[in-house]
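Here the structure comes first, spelled out in structure tokens, and everything after it is commentary.
The values are calculated or read from the model by the stated rules, or taken from the named source; none is laboratory data. This structure is a prediction, so every number in the text was calculated from the model and none was measured. We place every Cβ from the backbone using ideal geometry, glycine too, and count neighbours over all the protein chains shown.
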Amino acid sequence: MPSLLEEIRTAYQKIRSQAPWKHEKSDYWHHRILPFATLAPWLDDIEFVHLYEKIRSHTLVDIYRCYELWSLAKQCANVEGDLLEVGVWRGGTGCILASAIRYQRGKKVYLADTFSGVVKAGVDDTRYVGGEHADTSATIVQQLVDELSLENVQILQGIFPEDTQDRITGKIALLHCDVDVYRSSKDIVEWCLPRLSVGAIIIFDDYGFFGCEGVTRYCEELRQRPEFKFIHNLNGHAIFIKITVTD
Ligand SMILES: C[S@@+](CC[C@H](N)C(=O)[O-])C[C@H]1O[C@@H](n2cnc3c(N)ncnc32)[C@H](O)[C@@H]1O
């Protein structure tokens, strides 16, 4: 039986010998990533562990990104505004955000989804064509919200921003954008830009995922804007922190 160290060494050798690749419709290089760090704080956080067990069948997002959402939402306590997730599917990550801030009085979490699948796929997108992830409903999400006794959630059904933007009136402290394609990402962020408080965080899911090159492209455009600091987290999150006021 190989030791853990031997297993890790073999995994690294395999990765090093694997050639980088590109999607046939895109210029972005991909290579298997295996970071060296091993600290796993999600295992020590009992509240998170219990929550994750309850939501894991309601999410497509892995535990690393779920824990990062949990942690970033908690850090929004002193940032003015509510939280918005666009791209809810069955409610898993949305309920992580809502649970993380359930004791932050006055803050709401808006969960926006068509509940009929991905929209606005186009030439910038490599794998998505539209209609994916339609196997859900607002009722499925509401049931999870009720099961977790969350009282800070508002579900918005329809294309965001076009159909449901009027339901949000205040500032935004955190946006979780998990919509898989370029055009939706752009429309959502452009709607949010004038509403973001200083200190607000935008988290993109799927940054760097093979098949989601449209999201990566949009993040590369957004990072040119001077009001944000940009962090490429190797787990598939792109994180933007608003640091200055802009017109
Ligand atoms: C990958 S799923 C979201 C996954 C979810 N965050 C989880 O915890 O697994 C992407 C979702 O985005 C939704 N979507 C895509 N574009 C949208 C838009 N412009 N407005 C509302 N929903 C959208 C789709 O209906 C789909 O449910």
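Looking at segment 210-222 only, could you name the residues that are surrounded by 15 or more Cβ atoms within 10 Å (Cβ to Cβ) and not small (Gly, Ala, Ser)?
Phe210, Cys212, Glu213, Val215, Thr216, Arg217, Tyr218, Cys219, Leu222 - these are the residues of segment 210-222 that are surrounded by 15 or more Cβ atoms within 10 Å (Cβ to Cβ) and not small (Gly, Ala, Ser).
Could we say that Leu51 is in contact (Cβ under 8 Å) with a residue 40 or more places away in the chain, within 21 Å of Gly236 (Cα to Cα), within 16 Å of the ligand (Cβ to nearest atom) and touching a helix residue (DSSP H, G or I) at 6+ places or on another chain (Cβ under 9 Å) here?
So Leu51 does not fit the description; no.
Quick check on this structure: which one of Thr216, Thr246 is of a type in the set (Ser, Thr, Tyr) and either more than 16 Å from the ligand (Cβ to nearest atom) or modelled with pLDDT under 95 (or both)?
Thr246
Mind listing whichever residues of segment 93-106 are crowded, with 22+ Cβ neighbours inside 10 Å and of a type outside the set (A, V, I, L, M)?
Thr93, Gly94, Cys95, Ser99
Here is a yes/no grid of residues against (1) over 18 Å from the mean Cα position of the chain (by Cα); (2) surrounded by fewer than 16 Cβ atoms within 10 Å (Cβ to Cβ):
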{"site": "Gly117", "(1), (2)": "no, no"}
{"site": "Glu132", "(1), (2)": "no, yes"}
{"site": "Leu156", "(1), (2)": "no, no"}
{"site": "Ala173", "(1), (2)": "no, no"}
{"site": "Val198", "(1), (2)": "yes, yes"}
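Pairs only if they're at least six apart or on different chains, beta carbon under 7 angstrom, first in segment 158-187 and among the β-branched types (Val, Ile, Thr), second part of a helix (DSSP H, G or I) and within 9 Å of the ligand (Cβ to nearest atom); list them, first residue then second.
Once the first residue is among the β-branched types (Val, Ile, Thr) and sits in segment 158-187, its partners that are part of a helix (DSSP H, G or I) and within 9 Å of the ligand (Cβ to nearest atom) give Val179/Ser185; Val179/Ile188.
From the residues in segment 85-124 that are under 22 Å from Asp135 (Cα atoms) and either without any contact (Cβ under 8 Å) to a residue 40 or more places away in the chain or touching a Cys at 6+ places or on another chain (Cβ under 7 Å) (or both), which one is farthest from the ligand (Cβ to nearest atom)?
Taking the candidates together, the pick is Ile96.
Out of Leu156, Leu111, Leu97, Leu144, report the one residue that is within 16 Å of Leu60 (Cβ to Cβ) and in a strand (DSSP E or B).
From the options Leu156, Leu111, Leu97, Leu144, the qualifying one is Leu111.
Answer yes or no as to whether Pro194 is in a helix (DSSP H, G or I), surrounded by fewer than 15 Cβ atoms within 10 Å (Cβ to Cβ) and either away from the ligand (no atom under 16 Å from the Cβ) or of a type in the set (Lys, Arg) (or both).
Yes.
Of the residues Ile203, Ile231, which is over 13 Å from the mean Cα position of the chain (by Cα) and not in a loop (DSSP other than H, G, I, E, B)?
Ile231
If Thr164 satisfies all but one of (1) hydroxyl-bearing (Ser, Thr, Tyr); (2) crowded, with 16+ Cβ neighbours inside 10 Å; (3) more than 13 Å from the ligand (Cβ to nearest atom), what's the number of the condition it fails?
Thr164 satisfies all of (1) hydroxyl-bearing (Ser, Thr, Tyr); (2) crowded, with 16+ Cβ neighbours inside 10 Å; (3) more than 13 Å from the ligand (Cβ to nearest atom) except (3).
Can you tell me how many residues in segment 1-23 are surrounded by 12 or more Cβ atoms within 10 Å (Cβ to Cβ), under 31 Å from the mean Cα position of the chain (by Cα) and either small (Gly, Ala, Ser) or farther than 30 Å from Arg127 by Cβ (or both)?
2
Examine segment 36-47 for a residue that is in a helix (DSSP H, G or I), surrounded by 13 or more Cβ atoms within 10 Å (Cβ to Cβ) and either modelled with pLDDT of 95 or more or polar (S, T, N, Q) (or both), and state whether such a residue exists.
yes
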